[in-house]
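FYI, it's all coordinate maths here, none of it is from the lab. Bear in mind the structure is a predicted one, so any value in this text is a computation, not a measurement. Positions of Cβ are generated from backbone atoms using ideal geometry, with glycine treated the same way; all protein chains shown enter the neighbour counts.
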Amino acid sequence: NFEIFHYLDPKTRHMEAHYHDFYEIFFFIDGNVDYWIDGSLYHLLPGDILLIHPTELHKPVPNAEIDTYERIVLWVNKNYLADIEKGILEKCFDKESQTHNKVLRLSNEKREQLFSLAHSLCKEYYSKEFAKDVGAYSLLLQILVQINRLTQSNSPIGGEEFNTPTLISEILAYINEH
């Protein structure tokens, strides 16, 4: 129902634009990278969190070939998230919401709290301890609750707009309608 990965690449590799059929929460730890999401480019700072809705085309855009690129990526199944308290924790991904943010840039305190939870979730997810699934689920819920609270009070970070090619726009419109 969810997966989490901690990546540390010695350099940012080129990646094509892609999308998923699940929600993605991207905890940016370090590197020199921008992130392109659905026609907008966001310059990332260490500690930024990206919230990527299913069907949103996205990709990293490296600014240098020699920097390390470190992040924690959390993937959450759409149906799984919809089933938790009647979908209340999907609000942070609601593209129609006035408070929707693709990028969260947080205070030091909030950033440390969320990144600590993400590291703990990663550790629990891969542990062999008794009741690890229950422990991981409780950490996932804490992360989702905190992110939803933050999106209700945080100002959106604007991205630099880019024109999306017409064919891609039409395909995305079709996908979103069906």
Query raised in the report: Over what distance in Å are the Cα centres of the stretch 38-76 and the stretch 91-120 separated?
Result: 14
Report summary line: 1/(1 + (r/R0)^6) with r = Cβ-Cβ of N108 and A82, R0 = 35 Å, i.e. FRET efficiency to nearest 0.05, evaluates to 0.60
**Report entry** Spacing of the two label points (7 Å from each Cα toward its C-beta) at T55 and L41, in nm
**Finding:** 2.7
Requested in this report: Please give, to one decimal in nm, the separation of the simple spin-label points placed at N32 and S127, each 7 Å out from Cα toward the Cβ.
Outcome: 3.8
Query raised in the report: Taking the Cα centre of the stretch 40-97 as origin and charging only Cβ (+1 Lys, Arg; -1 Asp, Glu), how large is the dipole, in debye to the nearest 20?
Result: 140
Report summary line: From the cross-link list K59/K102; K78/K102; K91/K123, the entries with a Cα-Cα span beyond 22 Å are K91/K123
Report summary line: With +1 at each Lys and Arg Cβ and -1 at each Asp and Glu Cβ, the charge dipole magnitude of the stretch 1-97 around its Cα centre, to the nearest 20 debye, comes out at 40
